[in-house]
Amino acid sequence: MLADKPKLSLSLAAAALLGSGLGAVPHATAAQSAEAQDSPALTSPAPTPMPHAAAETCLAQTICSVKERIRWQTPAWTPSQCRKIADAVNDSAKRHDLSPSLLLAIMVNESDMNEKSARTYTRNGKIYAKDGGLMAIRCMPDEKERCTNGNVRGVAWKDLMNPVTNIELGARELAHWRDGGGVTRTTITKVDSAHHRYQVTKNVPCQHKTHGWWAHYNHGPRYIDKGYARHYPHRVAVLDHAFATVMNAPAPELATGRITIHDAGKRDRTPDRPLEPRYKKLYEQIMSSRTCSPLALN
């Protein structure tokens with residue numbers, strides 16, 4: 001299933017990405033902003049964490065169940081495949097201090113959980129970029145099919161398409177944008193030695209005041225605040241919320257600030273209210289996939 005309109009490609013505008021280190025990195029503090037008065041607050045109590053083994057089983061079962069519901073002309077995953085994907089999601093989430101539910105939300109949004117998903121982009125009749133795998137990782141290949149861009153520089157396309165590697169690269173990308181990779185343009189006034197004032201425009205770390213930090217996964221360094229792409233963070237947020245709900249898992253990123261910019265004359269978008277038809281359907285499919293035993297949630 002494809003999005004109802006084309007979306008921007010991952011990291012197309014990125015000039016420099018996270019290095020090769022795989023250690024977990026701390027969250028950047030999201031700037032808080034006032035919510036519109038007509039925006040309903042999410043007041044659900046914090047979920048009670050599952051025991052470790054039960055949580056891992058729940059993750060694998062949820063992945064299998066959702067995959068079965070959303071796959072289109074692609075094979076189902078066996079239980080062992082679901083466990084492999086669950087282990088990769090869990091490991092990468094821990095390594096980069098991310099919510100597993102957010103990784104799954106990106107995965108559904110980008111590829112409908114199709115590990116063989118690939119899209120090519122041509123210029124003057126030649127392929128200059130490819131997006132591939134569960135997390136739709138952007139690769140600009142050379143003549144040897146090795147990526148030349150960003151944090152995937154030197155990675156072979158065939159390795160990038162390995163599901164475990166693909167999930168890790170997506171998680172690393174998310175952590176990069178969360179922790180200072182995003183930028184915004186600002187103009188400041190300076191005074192020279194002759195006391196003349198002049199203005200300088202420069203890039204500064206994005207504070208994500210009008211959008212969830214995961215917006216940059218789609219937008220690159222600068223958040224695009226006009227057109228269809230501006231609500232990318234909300235579309236991912238509703239999937240994140242659904243996964244967190246069915247797994248009874250925390251998703252702190254959904255409660256740290258604005259999810260997306262305000263629609264003039266309308267109530268603010270919230271993670272528990274999908275709006276576009278595709279996301280209403282995906283939200284319902286995820287919410288109907290609850291497979292974890294209620295006893296495991298106590």
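Among the residues of region 111-153, those that are of a type in the set (D, E) and touching a Leu at 6+ places or on another chain (Cβ under 7 Å) comprise E115, D131.
Listed by position, the strands (runs of 3 or more DSSP E) enclosed by region 77-141 that each have at least 3 residues that are surrounded by fewer than 20 Cβ atoms within 10 Å (Cβ to Cβ) are 118-123, 126-132. Here is a check on your reading of the model: is A171 closer than 28 Å to R278 by Cβ and touching a His at 6+ places or on another chain (Cβ under 7 Å)? Considered against the rule, which asks whether it is closer than 28 Å to R278 by Cβ and touching a His at 6+ places or on another chain (Cβ under 7 Å), A171 comes out as yes.
Is at least one residue of region 193-209 part of a helix (DSSP H, G or I) and not aromatic (F, W, Y)? The answer is no; no qualifying residue exists.
Find all pairs meeting these conditions: Cβ atoms under 7 angstrom apart; at least six residues apart or on different chains; first residue within region 103-125 and under 22 Å from V236 (Cβ atoms) and modelled with pLDDT of 95 or more; second residue assigned to a helix (DSSP H, G or I) and among the acidic types (D, E). Listed by first residue and then by second, the contacts come to A105/D240. No other residue among E68, E35, E56 is in a helix (DSSP H, G or I), more than 17 Å from P163 (Cα to Cα) and at pLDDT below 95 apart from E56. Restricting attention to region 142-157, the residues being among the hydrophobic types (A, V, I, L, M, F, W, C) and outside any strand (DSSP E or B) number 3. If I filter region 166-223 down to residues being β-branched (V, I, T), touching a residue at least 24 places away in the same chain (Cβ under 8 Å) and surrounded by fewer than 24 Cβ atoms within 10 Å (Cβ to Cβ), which single residue comes out as nearest to G133 (Cα to Cα)? For region 166-223, the residue satisfying everything is V183.
The values are calculated or read from the model by the stated rules, or taken from the named source; none is laboratory data. It should be emphasised that the depicted structure is a prediction, and the values quoted were computed from it without experimental measurement. A quick note on method: Cβ atoms are made from the backbone with ideal geometry, for glycine too, and the neighbour counts reach across all protein chains shown.
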